[in-house]
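Below is one structure, written out as structure tokens; comments come after it.
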Amino acid sequence: MADFTPKSTVKSAVRELSAPIADYATFDAIITEIIENNPWGCTPYSSNGATIQGVVRGTERYTATITYENNEAKTVGTIPVRGPSMAAVNNAVTKILADTTITSGFGSGVSGSRDSSADTYSCTIKAHASNGELYNVTFKRDSVALSSYEADSIRTTLESWADTVAILA
């Protein structure tokens, strides 16, 4: 029986942030800066006859939690809200909080609120290095993860760039 022969060594690395990214606007500004300015020097490539930019948004996930408390400030329920964009999550949260039927379902004297500091954000950027490698960089509120790369120069480039972005320290 034939054996599988390794063809590459795929690596991953994670940078844990010293403090979580404070809010969605800051998070989005980092992602937008990367997409618009390509600070890693990525290059376009062709796939299935189409030209793909060197850095593009991949999978995104955003969440918020609505907490319901009674008159004694005791949590009596929560509703997690997940969506493909922060705008979708914000819209859903606004509608849920405005729905008195949902709020009254938790009992009398109950009110709902959202703690934005508990929101989570995740955006994976798909990148194409000048050496031809495709790799992913996943930004979360508390970390940046580099995956599916082989050349250490990719990690070095990302580290050097992240060192210049104070929020990613």
- Selection within segment 73-108 - among the basic types (Lys, Arg), surrounded by 11 or more Cβ atoms within 10 Å (Cβ to Cβ) and outside any helix (DSSP H, G or I): ARG82
- Message: Looking only at residues that are exposed (fewer than 12 other Cβ atoms within 10 Å of the Cβ) and in a strand (DSSP E or B) in segment 41-55, which one is modelled with the lowest pLDDT?
- Response: SER47
- Output the number of the condition that THR156 fails; it satisfies all remaining conditions of (1) free of Cβ contacts under 8 Å to residues at least 12 places away in the same chain; (2) of a type in the set (Ser, Thr, Tyr); (3) not in a helix (DSSP H, G or I). (3)
- Note on the structure: Taking segment 139-169 and the residues there that are within 15 Å of ALA19 (Cβ to Cβ) and touching a strand residue (DSSP E or B) at 6+ places or on another chain (Cβ under 8 Å), the one that is modelled with the lowest pLDDT would be LEU168
- Message: Looking only at segment 57-71, filter to residues that are surrounded by 15 or more Cβ atoms within 10 Å (Cβ to Cβ) and in contact (Cβ under 8 Å) with a residue 60 or more places away in the chain; which one of those is nearest to ALA88 (Cα to Cα)?
- Response: TYR62
- Based on what the data block shows, is THR164 in the same structural domain as ILE52 (by TED's automatic domain parsing) and either more than 21 Å from VAL10 (Cα to Cα) or surrounded by fewer than 17 Cβ atoms within 10 Å (Cβ to Cβ) (or both)? yes
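The values are calculated or read from the model by the stated rules, or taken from the named source; none is laboratory data. Note that this is a predicted model, so its numbers are computed, not measured. Using ideal geometry, Cβ is built from the backbone for each residue, glycine included, and neighbour counts are taken over all protein chains shown.
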